[in-house]
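**Q** Take a look at the following structure, please.
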Amino acid sequence: MSDTSRRPRKPGKPYRRPKKDPVRILAFEALRAVDERDAYANLVLPPLLRKARESGDFDGRDAALATELVYGTLRRQGTYDAVIAECVDRPLRDVDPPVLDVLSLGVHQLLGTRIPSHAAVSATVELARVVLGDGRAKFVNAVLRKVAQHDLDGWLERIAPPYDEDPEDHLAVVHSHPRWIVSALWDALGGGRTGIEELLAADNERPEVTLVARPGRATTDELLREDAAVPGRWSPYAVRLTEGGEPGAIEAVRDGRAGVQDEGSQLVALALANAPVDGPDERWLDGCAGPGGKAALLAALAAERGAALLAAEKQPHRAGLVAKALHGNPGPYQVIAADGTRPPWLPGTFDRVLMDVPCTGLGALRRRPEARWRRRPEDLDGFAPLQRGLLRTALESVRVGGVVGYATCSPHLAETRAVVADVLKQFPETELIDARPLLPDVPNLGDGPDVQLWPHVHGTDAMYLALIRRTAP
């Protein structure tokens, strides 16, 4: 056997092991999970961060940087793809996905953070050496050096078509949204360049963590004792954590007495609970209850009035999440796994019914930025029959004089007003209730009678709510 250890080294730089950067490696792993497994970053990232903290690799600043790298890269993916496409000699579809993820992380550091250019390039090249190998690291280095020649504004001038020539494509590139979503949001807003640009910009902002103090179980005063906690803007049960933080570290959240819930979601539950009904007010239904945020708030509000909530969820594992959210509720409730389009309960059973239907989720793009790249216009056709079927069930399930709330976390007109208008044609014995007076402290709710909330106006997810009263059998 030859002694290879005595072979002369080739002239040149000695081999250097790449330096492992735990923050950037974790960010890369999160992006790979999102890409390969269609995972959601808000589900993938927390356990990765928890494991890193437990191992001693991370402190609070490391966790904040990793979070910014992941969410910032996902939010700006469309813009960054356009920049990278200008700097490579092949179509982006021919670039290996792991290489593209590393490049996107580097581009975000160059164009979307205050990290100095030389540090952003060198750190990303080191990451490439660790996760891709030396050969592809050279490619990453070459591309990022081209990207570093201009700042974000300079690149947008080069890659975005002029607004006057193609406004939708201009906004899609500048604000990193698929063109079809830009068009849909513009239609929902009703026109006006200022509104659409503010909305798209708000979608790219990092949302605050919002908590709900579940009535009878926790108070906002208790939650406001947390660091950087301030009252909610609109909901009397909301508390905002202005500096992020880990909700799971809060005792009331761990105990289930409080939860993480966007203020828009809280307002939907409050509006339904406050709507006037004729006659008794004893039986409430949440017909699409998973994962349980609205159901927990509704159950607590029902308990204050001596009413009981039935929470139904089709998927058994999601019904389990609902049961966990409702555990400890001060009043009576029941959780069942049931298909809302084929309900096990009798018609006319309930005084109040909430149907927060499955949808494209275009109203929560701040929280799930990757959803904008997964959704397709044809997804609307897939949701349409289910949304209409669930609203029909809701209207059949409520008694005369009772109220139905149709809600969706999407402002797309095909999922909001179009659904309500189509179904109400089949139910002439109903009337729309003006939902705006039921949210008296919330401004700019439109012309009614339905309500559309907006990230750029209300600081909430873009929740939609229509309230409908059953007027005759």
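The values are calculated or read from the model by the stated rules, or taken from the named source; none is laboratory data. Being a predicted model, the structure only gives us computed values, none of them experimental. Here the Cβ positions follow ideal geometry from the backbone for every residue, glycine too, while neighbour counts run over all protein chains shown. Note: areas computed on protein heavy atoms with side chains; ligands, DNA, RNA excluded. Shrake-Rupley method; radii C 1.70, N 1.55, O 1.52, S 1.80 Å.
**Q** Being under 30 Å from E205 (Cα atoms) and among the aliphatic types (A, V, I, L, M) is true for just one of A394, A421, A462. Which residue is that?
**A** A462
**Q** Among the residues of region 67-79, which ones are open to solvent by less than 30 Å² (accessible area, probe 1.4 Å) and either farther than 17 Å from R32 by Cβ or in contact with a Cys (Cβ under 7 Å, 6 or more places away or on another chain) (or both)?
**A** Correct list: R75, G78, T79.
**Q** Surrounded by fewer than 19 Cβ atoms within 10 Å (Cβ to Cβ), under 30 Å from E251 (Cβ atoms) and within 24 Å of the chain's Cα centre (by Cα): which single residue out of R206, R214, R179 fits that description?
**A** R206
**Q** Here is a follow-up. Identify the single condition in (1) surrounded by fewer than 18 Cβ atoms within 10 Å (Cβ to Cβ); (2) within 18 Å of A273 (Cα to Cα); (3) under 27 Å from the mean Cα position of the chain (by Cα); (4) not hydrophobic (A, V, I, L, M, F, W, C) that D434 does not satisfy, given that it satisfies every other one.
**A** Single failed check for D434: (3).
**Q** Applying the selection to region 294-313, what residues are part of a helix (DSSP H, G or I) and of a type in the set (A, V, I, L, M, F, W, C)?
**A** Answer for region 294-313, where residues must be part of a helix (DSSP H, G or I) and of a type in the set (A, V, I, L, M, F, W, C): A295, A296, L297, L298, A299, A300, L301, A302, A303.
**Q** Exactly one of these conditions fails for R114: (1) of a type in the set (K, R); (2) part of a helix (DSSP H, G or I); (3) free of Cβ contacts under 8 Å to residues at least 60 places away in the same chain. Give me its number.
**A** Failed condition: (2).
**Q** Might you check whether a residue that is buried (at least 20 other Cβ atoms within 10 Å of the Cβ) and not in a helix (DSSP H, G or I) occurs anywhere in region 80-101?
**A** The answer is no; no qualifying residue exists.
**Q** Look at region 449-473 and say how many of its residues are outside any helix (DSSP H, G or I) and open to solvent by 20 Å² or more (accessible area, probe 1.4 Å).
**A** Qualifying residue count, region 449-473: 9.
**Q** In the list V102, V107, V83, V34, which residue meets the criterion of being touching a residue at least 24 places away in the same chain (Cβ under 8 Å), in contact with a helix residue (DSSP H, G or I) (Cβ under 6 Å, 6 or more places away or on another chain), over 27 Å from L171 (Cβ atoms) and aliphatic (A, V, I, L, M)?
**A** One residue alone meets the criteria, V102.
**Q** Answer yes if at least one residue in region 270-288 is crowded, with 19+ Cβ neighbours inside 10 Å and of a type in the set (S, T, N, Q), and no otherwise.
**A** No, region 270-288 contains no residue that is crowded, with 19+ Cβ neighbours inside 10 Å and of a type in the set (S, T, N, Q).
**Q** Filter the strands (runs of 3 or more DSSP E) completely within region 185-260 down to those with at least 2 residues that are touching a helix residue (DSSP H, G or I) at 6+ places or on another chain (Cβ under 7 Å), closer than 18 Å to L301 by Cβ and not acidic (D, E).
**A** 209-213, 238-241, 258-260
**Q** Go over the candidates V173, V140 one by one and state the one that is surrounded by 18 or more Cβ atoms within 10 Å (Cβ to Cβ), under 18 Å from R375 (Cα atoms), touching a helix residue (DSSP H, G or I) at 6+ places or on another chain (Cβ under 9 Å) and touching a residue at least 24 places away in the same chain (Cβ under 8 Å).
**A** V173
**Q** A further question on this structure: Could you tell me whether any residue of region 436-455 is among the small types (G, A, S), in contact (Cβ under 8 Å) with a residue 60 or more places away in the chain and more than 16 Å from G363 (Cα to Cα)?
**A** no
**Q** Go over the candidates A414, A384, A418, A364 one by one and state the one that is over 27 Å from A303 (Cα atoms) and free of Cβ contacts under 8 Å to residues at least 24 places away in the same chain.
**A** Being over 27 Å from A303 (Cα atoms) and free of Cβ contacts under 8 Å to residues at least 24 places away in the same chain holds for just one of A414, A384, A418, A364, which is A418.
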